[in-house]
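Beneath this line is the structure, given in structure tokens, with notes to follow.
The values are calculated or read from the model by the stated rules, or taken from the named source; none is laboratory data. Treat the numbers as computed from the prediction; the structure is a model and nothing was measured. Glycine also receives a Cβ, built like all others from the backbone with ideal geometry; neighbour counts cover every protein chain displayed.
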Amino acid sequence: MLVSTRGRYALRVLIDLAEHNSGSYIPMKDVAARQEISLKYLERILPTLTKAKLIEGVHGKGGGYKLTRSPEDYTVGEVLRLTEGDLAPVACLGADALPCERAAECRTLSMWKGYYDLTNKYFDSITIASLTNTDSADNYVI
């Protein structure tokens, strides 16, 4: 599985909002500047996060975005599945996959299922809050 820029930037937005949470709305231009992401690109990601109710926004003076839940209540898995779609490593395990005619004889299916389960469990075990508490990263940008 390769995580796209969309998935990585969505995580960065949520981490930034969590780290700068003062209870008020945070202008996205501030997030874009801190994260060194173009505002235009962020404006393509924000509707997905808003529609899924991960963030809420207000337009106009004093507007911006903020998290809708506590950072502890967001998992990386949730965000990646939203932005990347299914995290399945092979097409036959995807959510929209048709039943594979070779599944009964497939020597690698259990391996791919195991990898898929590990990936989901791993990303579901990491919260946005835990990423904000990482001292080793400093201001490193992914």
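What the table below lists for this structure:
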| read-out | value |
| --- | --- |
| Any hit, the stretch 28-48, residues being under 15 Å from the mean Cα position of the chain (by Cα), basic (Lys, Arg) and either surrounded by 15 or more Cβ atoms within 10 Å (Cβ to Cβ) or at positive phi (or both) | no |
| Pair list, Cβ < 6 Å and 6+ apart or interchain, from the stretch 117-136 residues that are within 26 Å of Asn21 (Cα to Cα) to residues that are modelled with pLDDT of 95 or more and among the charged types (D, E, K, R) | Thr127/Glu72; Ala129/Glu72; Thr132/Glu19 |
| One residue from Arg102, Arg81 being over 23 Å from Ala10 (Cβ atoms) and not small (Gly, Ala, Ser) | Arg102 |
| Filtered residue count, the stretch 1-22, keeping only those that are within 10 Å of the chain's Cα centre (by Cα) and charged (D, E, K, R) | 3 |
| Test for Arg12: is it within 29 Å of Asn120 (Cβ to Cβ) and among the charged types (D, E, K, R) | yes |
| Matching entry among Leu93, Leu42, Leu80 (being closer than 21 Å to Gly7 by Cβ, among the hydrophobic types (A, V, I, L, M, F, W, C) and in contact (Cβ under 8 Å) with a residue 40 or more places away in the chain) | Leu80 |
| Spans of helices (runs of 4 or more DSSP H) in the stretch 1-81 with at least 3 residues farther than 18 Å from Asn133 by Cα and in contact with a strand residue (DSSP E or B) (Cβ under 9 Å, 6 or more places away or on another chain) | 28-35, 39-51 |
